[in-house]
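Accompanying notes for the structure given below.
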Amino acid sequence: MKRRDWLSGAGALALPAWVRHASAADTPRFSLGLASGQPRPDGMVLWTRLTGPGLPDSVPVQWELAHDEGFTQIAARGVELAQTETAHSVHAEPGGLAAGRPWWYRFTALGDRSRAGRTRTAPDPGAEATLRFAIASCQRWEYGHYAAWRDITASEPDLIVFLGDYIYEYPLLANDPVRPISGGLVTTLDGYRDRYAQYRADPLLQAAHACAPWVMVWDDHEVENDYAAGVGGGLLGHSLGALLGDFGRRRAAAYQAYWEHMPFPKSARPTGDAMRIYGHLDWGRLARIQLLDNRQYRDPQVCPRPGRLVGSHTVSLKDCPALLDPRRSLLGAAQERWLAQNWSLDRPWNLVAQQTLMSRLSWTDPAQEPTYWTDGWDGYAPSRQRLLSAAAQRQVPGLVVLGGDVHAHYVSELKTSYDDPRSPVVGAEFCGTSISSRGPAQSRLDAALPLNPHLLYGNARHRGSVLFRLDARTLQADLRAVDRPREADSAVRSAARFVVEAGRPGPQRA
Ligand SMILES: [Fe+2]
């Protein structure tokens, strides 16, 4: 017998009798899988949520973190209480670990043991490092299967960066849904919990959570389409009074369920309808990853649709001069100030993980009369200008913005002025289409791209992701496209490849 087999055999025998006993009862307690996130040089967060009938109000859950896949060498273990008031979720936080290496973890509760997950510690802040990572967003359940997740898992990333729209709050509206969604329009804590549980039942999504640590930000659909800070998006066209009255409670319920289902630390647990998700993660001497929140603190969209009091619209600048009001912000004043001071000037790369397309996208000829979508950065152009000008002024190295939300792949040059063709390129942007949510018509993009020459690539035909490889000299981006989004076993291939070289802002075709 090999040493490893012998040790794991001995480990199994060493389990308390009740564990072996109850395993035979076979009530699956880990049917939502497990997850890890927020990797630091000395630890990370390990997540699960207990399921099944007859859960007591408070259940001890053992966790183990091992050096190896066979769990022959345990590095840390502990017990967390899974409780009714937080949906029996577990947020374990091992510390004191060695930096920059993989770890394996698993949970045991009520006689059931979870599968094993793989995670990582971030490299030591002073260490040379490389990073393989994926960006993903927008995984509307009823619109497709998750072949894009299978492709991400197969790439064996060090880190997965999720950019929002993890769930959609809608009832089943789709014509010709790929699979049913239950529960109607989600507005309550129980409703959000059920919606997360439904998404988390997907085996390809579970595998993606089990293969690497995640960092994540939310967008609007984790609460409600088009919401802006304290104002709901008003899907059903409520009066403003009704929206304002109910929305705080709805946002609090949504944020609570979001925290319960994601590998955030206990310290991030929301208080009322506030949860801080912006912050940063350092990956050795290689990169700082800024995580932004452009929903919780934004000013409401200007110039909503006729007959509506709130929400997004596509408007010409002539009809909506408020688009250029410098008092409005997408991030809120505090987050804008924080970001302006938080760039890493001694690392070659500054990655910005945020929700939506940052580059200007005018749907009509901007030399005649520009037309903008008010929910994205174009609805808050002075806020974008402040961010990019501050970064340019401080000569922030390797600025790369990562986005989602718009359900199309975009690759673009970031500029401090899109009106002046001589304005220098200050960074690169990659927008990562959607895991499964349907995209806009390609004909619209084909008409708009020539009007926006800083957009080097725009493709709404495919669901997918972007896979990146980063070292001190080069960022390689592989735009991944799902062939048949209605099928979980669809092939996934590269639609295009770009690179960014350190010291030379902006993307180039590979
Ligand atoms: Fe979306």
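The values are calculated or read from the model by the stated rules, or taken from the named source; none is laboratory data. This structure is a prediction, so every number in the text was calculated from the model and none was measured. When we count neighbours, we look across all protein chains shown, and the Cβ atoms used for this are built from the backbone with ideal geometry, even at glycine. Side chains are part of the model used for accessible areas, which takes the heavy atoms of the whole protein and leaves out ligands, DNA and RNA. Shrake-Rupley method; radii C 1.70, N 1.55, O 1.52, S 1.80 Å.
Just one residue in the set Ser465, Ser490 is at pLDDT 95 or above and outside any strand (DSSP E or B); that residue is Ser490.
Condition (residue is under 24 Å from the mean Cα position of the chain (by Cα) and hydrophobic (A, V, I, L, M, F, W, C)) applied to segment 58-71: is it met by at least one residue? The answer is no, given that none of the residues of segment 58-71 is under 24 Å from the mean Cα position of the chain (by Cα) and hydrophobic (A, V, I, L, M, F, W, C). Applying the criterion of being surrounded by fewer than 22 Cβ atoms within 10 Å (Cβ to Cβ) and charged (D, E, K, R) to the residues of segment 129-157, the residue that is farthest from the ligand (Cβ to nearest atom) is Glu156. Hey, can you tell me all the residues within segment 375-421 that are closer than 23 Å to Gln476 by Cβ, outside any loop (DSSP other than H, G, I, E, B) and among the small types (Gly, Ala, Ser)? Passing the criteria: Ala391, Gly403, Ser412.
Considering segment 203-223, the residues that are open to solvent by 10 Å² or more (accessible area, probe 1.4 Å) and touching a Phe, Trp or Tyr at 6+ places or on another chain (Cβ under 8 Å) include one that is farthest from the ligand (Cβ to nearest atom), namely Ala207.
Here segment 109-128 is the region considered, the condition is being open to solvent by less than 10 Å² (accessible area, probe 1.4 Å) and outside any loop (DSSP other than H, G, I, E, B), and the residue that is farthest from the ligand (Cβ to nearest atom) is Ala109. Within segment 413-436, the set of residues being more than 16 Å from the ligand (Cβ to nearest atom) and either outside the structural domain of Gln354 (by TED's automatic domain parsing) or under 28 Å from Arg150 (Cβ atoms) (or both) comprises Ala428, Glu429, Phe430.
Each residue in segment 422-441 was checked for being over 20 Å from Asp478 (Cα atoms) and not in a loop (DSSP other than H, G, I, E, B), and 2 of them qualify. Of the residues in segment 260-275, at least one is at pLDDT 95 or above, of a type in the set (Val, Ile, Thr) and surrounded by fewer than 20 Cβ atoms within 10 Å (Cβ to Cβ). Among residues of segment 423-438 being surrounded by fewer than 23 Cβ atoms within 10 Å (Cβ to Cβ) and over 18 Å from the mean Cα position of the chain (by Cα), the one that is nearest to Phe133 (Cα to Cα) is Val426.
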